[in-house]
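Okay, structure first, notes after.
Please treat every number below as a calculation from the coordinates, not as lab data. Nothing here was measured: the structure is a model prediction, and the numbers come from that model. Here the Cβ is made from the backbone with ideal geometry for all residues, glycine too, and neighbour counts use every protein chain on show.
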Amino acid sequence: MSILVYIEHAEGAIKKTSLEAVSYASALAEKEGKEVVAVALGAIEENELAKAGTAGAQKVLHIADEKLNAGVIQAHASAVAQAYEKAGADTLVLAKSSLGDAVAARLSVKLKAGLASNVVALPDEDGGYKVKRSIYTGKAFTSTLITTPHKILAVKKNAVPLKEYGGAATVEALDVTLEEGDFAAKITSTDKATGEISLPEADIIVSGGRGMKGPENWNLIEDLAKAMGAATGCSKPVSDSGWRPHHEHVGQTGVKVAPSLYVAVGISGAIQHLAGVNASKNIVVINKDPEAPFFKAADYGIVGDAFEILPKLTEAIKAI
Ligand code: FAD
């Protein structure tokens with residue numbers, strides 16, 4: 001019996017969140033005495049796929065059909081279902097993401113499998129297969145009982161440690177049958193937003209609020225973000241005012257993020273903003289008001305004027 005891990009990749013590399021999913025699966029496999037098999041779809045080099053071995057996969061099934069490059073959800077679900085059967089799996093593990101959610105939902109129906117999303121810990125088998133999940137944007141946890149023989153677990157970003165065994169996985173080509181109906185909804189073009197780092201997947205985010213006074217000052221946020229290899233975000237009023245695009249708006253009504261480091265500059269820390277960032281591992285707040293509520297949620301805080309601090313911080317980071 002095996003655990004199948006659906007691997008996502010971008011720009012020739014396996015996504016970190018997918019390596020976390022492999023790490024989770026390998027800890028689960030150890031507990032249940034199973035093998036970890038991963039599956040990757042579309043164009044990606046074999047030596048990159050072998051890296052799934054470092055996180056604990058024994059084998060990677062590579063379905064290289066170029067029709068899968070476009071990320072058509074139904075086609076991905078169909079291909080993963082065939083890999084699941086080939087691997088003799090009873091559990092599918094994947095990273096929680098927009099593509100992962102869509103694929104998991106379809107496979108849950110196809111495989112008649114109980115699905116738990118936002119999983120943060122290994123299942124507890126006392127009295128059933130109970131899975132701990134993060135809910136309400138990380139403010140609470142719930143225990144979900146899966147009762148079906150087949151199971152799907154979507155692992156929350158940054159919730160499990162990345163394993164590094166150092167071994168390579170064997171990569172095996174797999175041919176699957178894809179029907180016309182699998183491509184019923186086609187992506188006809190994709191425009192990448194100006195080469196920036198994607199906010200939901202970023203490991204570091206520098207985010208600005210109304211304290212930045214206007215869009216003409218955003219070069220200070222962008223310079224720091226560039227020096228740190230970070231994505232840029234903002235508070236809701238900033239995007240509502242048209243200072244920044246809406247896809248950068250973080251919070252309850254915007255993007256929910258879970259980076260290793262969230263730097264909030266000139267953001268007060270309203271509860272609706274915090275709802276989008278409280279899954280961050282470390283929060284640094286820069287605000288001139290020592291009473292700003294964000295400081296209560298911060299791991300590190302700098303009280304001062306962003307216009308003085310940001311250039312100095314950027315220079316200091318560039319000098320490292
Ligand atoms: P402000 O509250 O104006 O705070 C600006 C901060 O900058 C202050 O703390 C100030 O001390 C500081 N500052 C000023 N000058 C400087 C300086 N020179 N240097 C350093 N610091 C300085 N908001 C979101 O962000 N995301 C959401 O998803 C969201 N959803 C919402 C949903 C609902 C239903 C509602 C009612 C509100 C929502 N909001 C959301 C709005 C939220 O309540 C706050 O109004 C908003 O987050 C405040 O944005 P801000 O911190 O940028 O601005």
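For the chain, set up a Gaussian network in which alpha carbons nearer than 10 Å are linked by springs, and say which option among Ile63, Ile205, Ile302 fluctuates the most. Fluctuation is largest for Ile302. Evaluating 6.51 cos²θ - 1.76 cosθ + 1.60 at θ = phi - 60° for every residue in the range 166-177, the Karplus couplings come out as x, x, 9, 8, 7, 10, 10, 6, 10, 9, 10, 9 Hz, glycine and proline recorded as x.
The label point for Glu85 and the one for Phe307, both projected 7 Å from the Cα toward the Cβ, are 6.6 nm apart. Which longest uninterrupted range of the chain lacks any chymotrypsin sites (Phe, Trp or Tyr not before Pro) assigned by DSSP to a loop state (not H, G, I, E or B) and surrounded by at most 16 other Cβ atoms within 10 Å? It works out to 166-320.
Close amide H partners of Asn282, meaning residues 5 or more places away or on another chain with modelled amide H under 5 Å apart, are Leu261, Tyr262.
In plain terms, the bigger the Kirkwood radius, the slower the diffusion; for the chain, with that radius from Cα pairs, at 25 °C and 0.890 mPa s, Stokes-Einstein puts D at 117 µm²/s. Relative contact order of the chain: 15 percent, from C-alpha pairs under 8 Å at least 6 residues apart in sequence. Helical content of the chain, expressed as a calculated mean residue ellipticity at 222 nm, amounts to -8000 deg cm²/dmol (DSSP H runs of 4 or more residues, -39,500 (n - 2.57) each, divided by residue number, nearest 500). Step through the table entries Lys132/Lys296; Lys34/Lys256; Lys132/Lys288; Lys51/Lys312, compare each Cα-Cα distance with 30 Å, and write down the pairs that go over it. With Cα atoms farther than 30 Å apart: Lys34/Lys256; Lys132/Lys288; Lys51/Lys312. The C-alpha radius of gyration of the range 65-223, expressed as a fraction of 2.2 N^0.38 Å, stands at 1.30.
Listed values for the range 40-51 are Karplus-derived 3J(HN,Hα) couplings in whole Hz (6.51 cos²θ - 1.76 cosθ + 1.60, θ = phi - 60°), namely 10, 10, x, 6, 7, 5, 5, 5, 6, 4, 4, 5, and x replaces Gly and Pro. Placing unit charges on each Cβ (+1 for Lys and Arg, -1 for Asp and Glu) gives the range 218-312 a dipole about its Cα centre, and among Gly251, Ile302, Ala264 the Cα reaching farthest toward its positive end belongs to Gly251.
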